[in-house]
Amino acid sequence: MEQKTMPNQAELQEEVVLGDRDELLLFHLKAEEKEFVLGLSDVLECLKFAEKKGIVPPIPGAWWLTMSEVYPDLRKIAKEILPKLD
């Protein structure tokens, strides 16, 4: 049986930059010798995943709706929440 190992945790570099209209904030990360960029929209999608799995406490639906105005890609998440707000 193949044993899975956890990758080293990425470290946030000091450089966090404002992106363009599609990605407003970009985080520069480094894990071992590999450097990569992660957008805030990716972080938000990961947060929603963790919320659905019960790993983080529930986040108010109004917050997700506000964020979907900033990041249209989150509208799918907002649509899931809308019926719960009624």
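The values are calculated or read from the model by the stated rules, or taken from the named source; none is laboratory data. Remember, it's a predicted structure, so these values are computed and weren't measured experimentally. Quick reminder, even Gly has a Cβ in these numbers, built from the backbone with ideal geometry, and neighbours come from all protein chains shown.
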Checklist outcome for this item: For region 57-81, pairs from a residue that is on the phi < 0 side of the Ramachandran plot and surrounded by 13 or more Cβ atoms within 10 Å (Cβ to Cβ) to a residue that is assigned to a helix (DSSP H, G or I) and of a type in the set (V, I, T), with Cβ under 6 Å and 6 or more apart or across chains, are G61/I81; W64/I77; W64/I81
Item to check | Condition met for L24 (within 15 Å of the chain's Cα centre (by Cα), of a type outside the set (D, E), more than 16 Å from K76 (Cα to Cα) and at pLDDT 85 or above) | outcome: no
Checklist entry - If you take the residues of region 41-56 that are of a type in the set (G, A, S) and surrounded by 11 or more Cβ atoms within 10 Å (Cβ to Cβ), which of them is nearest to F27 (Cα to Cα)? => result S41
Next on the checklist: Checking the conditions here, which among I59, I77, I81 is out of contact with any strand residue (DSSP E or B) (no Cβ under 6 Å at 6 or more places or on another chain) and at pLDDT 85 or above?
Outcome noted: I59
